[in-house]
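Report on one structure; see the data block that follows.
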Ligand SMILES: [Zn+2]
């Protein structure tokens with residue numbers, strides 16, 4: 001039995017030790033004898049807690065008291081005593097450590113390992129799309145289907161992964177290489193439909209794409225890179241909340257010229273993505289998809305986040321189902337959920 005990965009052990013006073021720093025799981029152990037506090041402070045995630053009492057034999061510490069302190073840590077779900085499995089490595093291990101502290105069963109490893117059986121398609125591989133694909137691969141998603149035959153531009157170079165040497169190469173080829181760089185076992189082909197489709201579009205969402213996905217019961221995340229900002233969301237689980245067409249109908253209600261402008265905006269132009277905006281949106285998009293795959297709380301239905309320079313602080317909006325869309329009238333059999 002060991003302390004869970006990532007936990008810090010801190011001395012608060014001569015007689016009090018705190019394990020963990022996040023208020024969601026940290027515990028304080030007060031009223032300790034100085035020798036007990038010294039002992040706890042020496043514990044780290046490599047220490048075998050079942051042997052601590054034995055190791056302290058002959059010292060000024062009561063073994064029963066030590067066992068009670070270890071029990072207190074176990075009750076707080078800060079220890080792990082499960083069977084030793086092949087250790088997750090790299091960024092997936094970081095996710096697993098956090099989930100081990102958040103989940104009631106403490107098994108973050110199992111949650112992260114399950115991602116290996118998931119497939120996500122990312123259509124549109126500008127910096128944000130690339131960042132989402134790489135983020136998902138690094139988090140352990142087993143299959144990434146990427147699609148964008150346009151070339152990498154010099155303006156795509158930045159923190160999400162494209163380099164100067166990539167300029168002129170096909171985006172999906174460079175992306176596939178970068179995916180393997182962070183996740184050597186990732187697959188970039190699959191015979192089955194993806195669990196989630198991420199649509200990263202320029203200027204405006206293609207009015208024809210969303211309804212097709214909704215009709216097919218395919219879970220999808222909309223991302224639109226616009227003139228001055230990027231919008232992440234909504235995360236559409238067909239039948240359970242507003243879809244991309246709902247948003248367009250609301251915009252048309254507010255501006256009768258919106259459909260005319262959509263037709264002009266949807267002309268195949270490529271929007272530029274400032275590096276900090278793309279980095280934030282890549283993180284938001286990655287987390288939204290992982291939440292769905294993990295069956296964890298994620299983006300609420302109808303939530304969108306607008307991110308722009310200079311502060312790149314996401315601004316949240318919440319959209320309602322549009323009464324004229326009809327997208328929530330789907331039969332239950334088409335309502336998507338991870339299989
Ligand atoms: Zn709709």
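Taken together, the values in this text are just the output of simple stated rules run on the coordinates, not laboratory data. Predicted model, so just to flag it, every value in this text is computed and none were measured. Glycine gets a Cβ as well: all are built from the backbone with ideal geometry, and neighbour counts include every protein chain shown.
Convex hull volume of the Cα atoms of region 56-189, normalised per residue: 148 Å³.
Checking the a/c ratio against 1.5 first, then a/b against b/c, what shape does the Cα gyration tensor give for region 213-339? Oblate, because a/c is 1.5 or more while a/b does not exceed b/c.
Normalised by the number of residues in the chain, the mean separation of alpha-carbon contacts (under 8 Å, six or more apart) gives a relative contact order of 14 percent. In degrees, nearest 10, range 0 to 90: what is the angle between the Cα axis of helix 63-75 and the longest Cα principal axis of the chain? Helix 63-75 and the main axis of the chain meet at about 10 degrees. Alpha-carbon geometry of region 131-206: the Rg and the Dmax are 12.6, 35 Å, given in that order.
Across region 71-153, the mean sequence separation of Cα contacts (distance under 8 Å, 6 or more residues apart), normalised by length, yields a relative contact order of 25 percent. Taking a ≥ b ≥ c as the square roots of the eigenvalues of the Cα gyration tensor, region 38-129 is classed as prolate, since a/c reaches at least 1.5 and a/b is larger than b/c.
Each listed q (0.23 Å⁻¹) maps to a log10 I(q)/I(0) for region 2-80, found by the Debye formula over equal Cα scatterers with no solvent: -1.12. Considering helices alone, the calculated mean residue ellipticity of the chain at 222 nm is -10000 deg cm²/dmol, with DSSP H runs of length four and up weighted by -39500 (n - 2.57) and normalised per residue.
Taking every DSSP bridge with both residues inside region 118-334, close to 45 percent are antiparallel. For the residues 267, 195, 75, a GNM of the chain with alpha-carbon springs under 10 Å puts the largest fluctuation on 75.
Among 92, 176, 42, whose mean-square fluctuation peaks in a Gaussian network model of the chain (Cα, cutoff 10 Å)? Comparing 92, 176, 42 in a Gaussian network model of the chain, the most mobile one is 42. When the chain is treated as a GNM with alpha-carbon contacts under 10 Å, the residue of 212, 198, 277 showing the greatest mean-square fluctuation is 212. Shape of region 118-334 from the C-alpha gyration tensor: oblate (a/c of 1.5 or more and a/b not above b/c, with a ≥ b ≥ c the square roots of its eigenvalues). A Förster radius of 25 Å combined with the Cβ-Cβ distance from residue 253 to residue 153 puts the calculated FRET efficiency at roughly 0.10.
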